[in-house]
Amino acid sequence: MKKIILFIAVAGILPFVSCSDDFLEIYPETSVSSNTFYKTQAHFDQALMGAYQRTRTVVANGMIMDEMRSDNAHFTRYSGDRGPYLSTEVIGLFLDDESTGSWINNRYNELYSGISRVNTLLDRLDGSELTDTQKGSVRAEALFLRAFLYFDLATHWGPVPLMLHEVTNESESFLPNATVEAVYDQIIADVSESISIGMPSATTFPQSGRATMGAAKMLRAYAYMSKPAREYAKAEQDLLDVTRMSYALEDDYADIYSLGNKNGKESIFEIQYLDGDGGQHNDLTWRQIPKCSNNDLLMGINANNYAYTSGGWSVPTQEMINSYEAGDKRLSASIAVAEGTDVMEQFTFEQLVEPLGYTLPEGKAFRYFVKKYYHPPYNYGLRTGDNFPVYRYGGALLLLAECLVEEGKNGEALPYINAVRQRAGLPALASVNKQQVSDEMRHELAFENHRWTDLIRTGQAISVMTTFGERMKILDPQILPSAFNVTQERLVYAFQRRELEVNINLVQNPGYKDY
């Protein structure tokens, strides 16, 4: 992986062209030498877009490594997945290891690729033609991105190597693990500097899609609340600052995910996508809908989702559906039921049905799937243009409630959790505890790739997922007895074998095989 960084650091960002008036317009037109690049504002804008592009790894990879790792979602068992997608199933079963590859390798490599791009532009900044003000603006945005990428590494692998400068020779590529504490210190230092320099604030909506002061405050609050030595008072201040900004809850929960409401008033930071054939799309929805040969009825256009992207992943569990309180509007906005027939694992879709109180008719079959990002009819097979929420105001209110409860300020947490509940159509709470905040966050942020890391942060991952595993083994006798052995070591992923072979200084996480 570190040898790959050598290439990406110099050449990887150059194909991205100026954004002009649209943050999303990053189609390749030409390439230039690195000796003449990193000079003008346009060059650095292109370089930043190259770094933003690498944030997209948290979406589809997160669906498998975060959402399907939790009690929110599982997968539809399909015989044809035994070969090509076995490396996907094992992640949801806690059977992954240093040889699993695929999603785990991809996420790790893409995150470091983005860090490499950021490091290169930061190291080239002083030698540019930019004014001091322009340099400060670029530096603030770049440091946010580096902190964001390292936070994803820290929450999924723990003690990762800290690479903070452009790689110019092979020896600089093979760094040892930093301590988890050092990684979090760097995350907080980077995002704190970006805040100190002055990130722009979101005052009008829709926003551009680029990082803002609100995103920086959210990231730092998450870091304060996730690092080994928690600093809740500092996180509280950051989250209170977010509540004083221009963000607000959408009146209708479903409106958050509308294609016509990208970067809206509830959005604090979201991953940007465009529909079409320009390479700026995602395929998340096609992975989540059921495998079915007539998906043109479901999607508006036919595409084979038995192969390639393959449907039936990150499927909402029955327990997840049952966990919603009566009257919670978020259930119907988050989950749909595809009803049809199933003959020898060939599902034929017939109609969409509401999940609340669903009863399966005789002779029919059904599949649950995530509805949040489902916006047919689609114009392209296996492509969608939905943005993906990372931080939003509803999540900020609940994170603040969690923070206050951790500080013993339960009464002060009530207005924030009740604001979210009111939008969901639920009655206000008279008192609140840690479990209630966790449950609320589960439903508010369902299928937004938060549940797994939320369980870890709140100390529930082992107990919740052990219980979940016991239940899943009863429902699916094909699950191996060794599955769902959720231990402290399993709260982070293994460094993959290839990384250990390339970098002899990298030490494997406990509980996994070293090389």
Which is closer than 19 Å to T57 by Cβ and of a type in the set (G, A, S), of S116, S194? S116
Within the stretch 136-173, considering residues that are acidic (D, E) and more than 24 Å from the chain's Cα centre (by Cα), the one nearest to E270 (Cα to Cα): E166
All but one of (1) more than 22 Å from the chain's Cα centre (by Cα); (2) open to solvent by less than 60 Å² (accessible area, probe 1.4 Å) hold for L111, so report the exception by its number. (1)
Considering only the stretch 78-91, I want to know if a residue exists there that is open to solvent by less than 40 Å² (accessible area, probe 1.4 Å), assigned to a helix (DSSP H, G or I), farther than 28 Å from V502 by Cβ and of a type in the set (D, E). yes
Can you spot a residue in the stretch 287-304 that is more than 19 Å from P355 (Cβ to Cβ), under 17 Å from the mean Cα position of the chain (by Cα) and not acidic (D, E)? yes
Taking V405 and the conditions (1) out of contact with any Lys or Arg (no Cβ under 6 Å at 6 or more places or on another chain); (2) crowded, with 20+ Cβ neighbours inside 10 Å, which numbered condition does it fall short on, given that it satisfies the others? (1)
The stretch 124-137, residues that are among the small types (G, A, S) and open to solvent by less than 40 Å² (accessible area, probe 1.4 Å): S128, G136
Restricted to the stretch 332-391, and to residues that are in a loop (DSSP other than H, G, I, E, B) and among the aromatic types (F, W, Y), which residue is farthest from the chain's Cα centre (by Cα)? Y358
Qualifying residue in the stretch 494-515 (condition: surrounded by 13 or more Cβ atoms within 10 Å (Cβ to Cβ), touching a helix residue (DSSP H, G or I) at 6+ places or on another chain (Cβ under 6 Å) and closer than 23 Å to M225 by Cβ): no
In the set L121, L153, which member is in contact with a helix residue (DSSP H, G or I) (Cβ under 7 Å, 6 or more places away or on another chain), open to solvent by less than 20 Å² (accessible area, probe 1.4 Å), closer than 27 Å to T309 by Cα and in contact (Cβ under 8 Å) with a residue 40 or more places away in the chain? L153
Considering only the stretch 173-219, state which residues are assigned to a helix (DSSP H, G or I), out of contact with any Phe, Trp or Tyr (no Cβ under 6 Å at 6 or more places or on another chain) and farther than 23 Å from Y108 by Cβ. S192, E193, I195, S196, I197, M213, G214, K217
Please name all residue pairs, on different chains or six or more residues apart, with Cβ atoms under 9 Å, provided the first residue is in the stretch 48-62 and is closer than 17 Å to E141 by Cα and the second residue is basic (K, R) and assigned to a helix (DSSP H, G or I). L48/R117; G50/R117; A51/R117; A51/R146; Q53/R117; R54/R117
Against the definition (part of a loop (DSSP other than H, G, I, E, B), among the hydroxyl-bearing types (S, T, Y) and more than 19 Å from the chain's Cα centre (by Cα)), how does T133 come out, yes or no? no
Could you look through the stretch 157-172, keep only residues that are farther than 20 Å from L145 by Cα and either of a type outside the set (S, T, N, Q) or not in a loop (DSSP other than H, G, I, E, B) (or both), and pick out the one that is most open to solvent (accessible area, probe 1.4 Å)? E170
For the stretch 95-106, check the following and say yes or no: at least one residue is in contact with a helix residue (DSSP H, G or I) (Cβ under 7 Å, 6 or more places away or on another chain), under 26 Å from I195 (Cα atoms) and either open to solvent by 10 Å² or more (accessible area, probe 1.4 Å) or modelled with pLDDT of 95 or more (or both). no
For the stretch 296-324, how many residues are farther than 27 Å from L445 by Cα and either among the aliphatic types (A, V, I, L, M) or out of contact with any helix residue (DSSP H, G or I) (no Cβ under 7 Å at 6 or more places or on another chain) (or both)? 8
In the stretch 138-146, is there at least one residue being in contact with a helix residue (DSSP H, G or I) (Cβ under 6 Å, 6 or more places away or on another chain), open to solvent by 10 Å² or more (accessible area, probe 1.4 Å) and within 20 Å of M65 (Cα to Cα)? no
Does the stretch 22-36 include one or more residues that are within 26 Å of P389 (Cβ to Cβ), modelled with pLDDT under 95, under 22 Å from the mean Cα position of the chain (by Cα) and among the aromatic types (F, W, Y)? yes
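The values are calculated or read from the model by the stated rules, or taken from the named source; none is laboratory data. In this text the structure is predicted, and so the values were computed from the model without any measurement. Note that each Cβ is placed from the backbone with ideal geometry, even for glycine, and that neighbours are counted across all protein chains shown. Accessible surface areas use protein heavy atoms only, side chains included; no ligands, DNA or RNA. Shrake-Rupley method; radii C 1.70, N 1.55, O 1.52, S 1.80 Å.
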